[in-house]
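One structure below.
The values are calculated or read from the model by the stated rules, or taken from the named source; none is laboratory data. No experiment lies behind these values; they were computed from the predicted model shown. Counting neighbours? That spans all protein chains shown, and the Cβs are built from the backbone with ideal geometry, glycine included. To get the accessible areas, we keep the full protein, side chains included, count just its heavy atoms, and leave off ligands, DNA and RNA. Shrake-Rupley method; radii C 1.70, N 1.55, O 1.52, S 1.80 Å.
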Amino acid sequence: MDAMTMKTHATRAAEVERTWHVIDVADRPLGRVATEIATLLRGKHKPTFTPALDVGDYVVVVNAARVAVTGNKREQKMYYRHSGYPGGLRQMAFKDLIERYPERAVERAVRGMLPKNRIGARQFTHLRVYAGPDHPHAGQVARAATSAGPADAADATEE
């Protein structure tokens, strides 16, 4: 073999290392923060990214009730769902959704950016969204911040 021969490394499920990230979405545009969250959940920020494996990290989102939208979307953006029965179309405006279920706006935006298959469904389970600034994952985030390097610790505790 030649010294210049390169080998491609294929990541295995047992080699996946996950860290915890805390993202404060207060006063940040919904779509822009959703793409950042989807990238972390998929693992595309890692050099070991493999599309056929779930190599993503855990993401904790805080202050979901204070997420921003631009323009008139607060009043005009509508969320639709259908029961499957005739006349079963239900709609809710963004402002009503944020009042009743503040976590769902962020969850729906992120879910739409993940793959529409089993891997995407599994990656979505690594997302935790909270309406306020408090979350019960302080132990995991602190452990991830202390075990990571100085550059990774800043990402893991970003608030």
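As an exercise: evaluate Thr19 against (1) out of contact with any helix residue (DSSP H, G or I) (no Cβ under 6 Å at 6 or more places or on another chain); (2) farther than 21 Å from Arg111 by Cβ; (3) not acidic (Asp, Glu) and give the number of the one condition it does not meet.
(1)
All but one of (1) open to solvent by less than 60 Å² (accessible area, probe 1.4 Å); (2) over 22 Å from Ala26 (Cβ atoms); (3) modelled with pLDDT under 95 hold for Gly88, so report the exception by its number.
(3)
Could you list, in sequence order, the residues of region 16-54 that are touching a residue at least 24 places away in the same chain (Cβ under 8 Å), among the basic types (Lys, Arg) and not in a loop (DSSP other than H, G, I, E, B)?
Arg42
Among (1) among the polar types (S, T, N, Q); (2) open to solvent by less than 90 Å² (accessible area, probe 1.4 Å); (3) at pLDDT 95 or above, where does Thr50 come up short?
It is condition (3) that Thr50 fails.
Of the residues Ala93, Ala26, Ala34, which is farther than 30 Å from Val141 by Cα and surrounded by 13 or more Cβ atoms within 10 Å (Cβ to Cβ)?
Criteria check complete, one pass: Ala93.
Please go through region 62-85 and give me each residue that is of a type outside the set (Phe, Trp, Tyr) and exposed (fewer than 14 other Cβ atoms within 10 Å of the Cβ), ordered by number.
Thr70, Gly71, Asn72, Arg74, Glu75, Gln76, Met78, Arg81, His82, Ser83, Gly84
Based on what the data block shows, is Arg122 under 20 Å from Trp20 (Cα atoms), in contact (Cβ under 8 Å) with a residue 60 or more places away in the chain and of a type in the set (Lys, Arg)?
Judged against the criteria, Arg122 is a match.
Does Arg111 satisfy the condition of being within 23 Å of His137 (Cα to Cα), without any contact (Cβ under 8 Å) to a residue 60 or more places away in the chain and open to solvent by 60 Å² or more (accessible area, probe 1.4 Å)?
yes
List the helices (runs of 4 or more DSSP H) that sit entirely inside region 57-130 and contain at least 2 residues that are under 11 Å from the mean Cα position of the chain (by Cα) and on the phi < 0 side of the Ramachandran plot.
In region 57-130, 102-111, 118-124 are the helices (runs of 4 or more DSSP H) which contain 2 or more residues that are under 11 Å from the mean Cα position of the chain (by Cα) and on the phi < 0 side of the Ramachandran plot.
Is it the case that region 9-28 has a residue that's hydrophobic (A, V, I, L, M, F, W, C), more than 21 Å from the chain's Cα centre (by Cα) and closer than 19 Å to His126 by Cα? First the steps, then the outcome.
Start the filter on region 9-28 by keeping residues that are hydrophobic (A, V, I, L, M, F, W, C), which leaves 10, 13-14, 16, 20, 22-23, 25-26.
With more than 21 Å from the chain's Cα centre (by Cα) added as a condition, the list becomes 10, 14.
Keeping just the survivors that are closer than 19 Å to His126 by Cα gives 14.
Yes, that holds for at least one residue.
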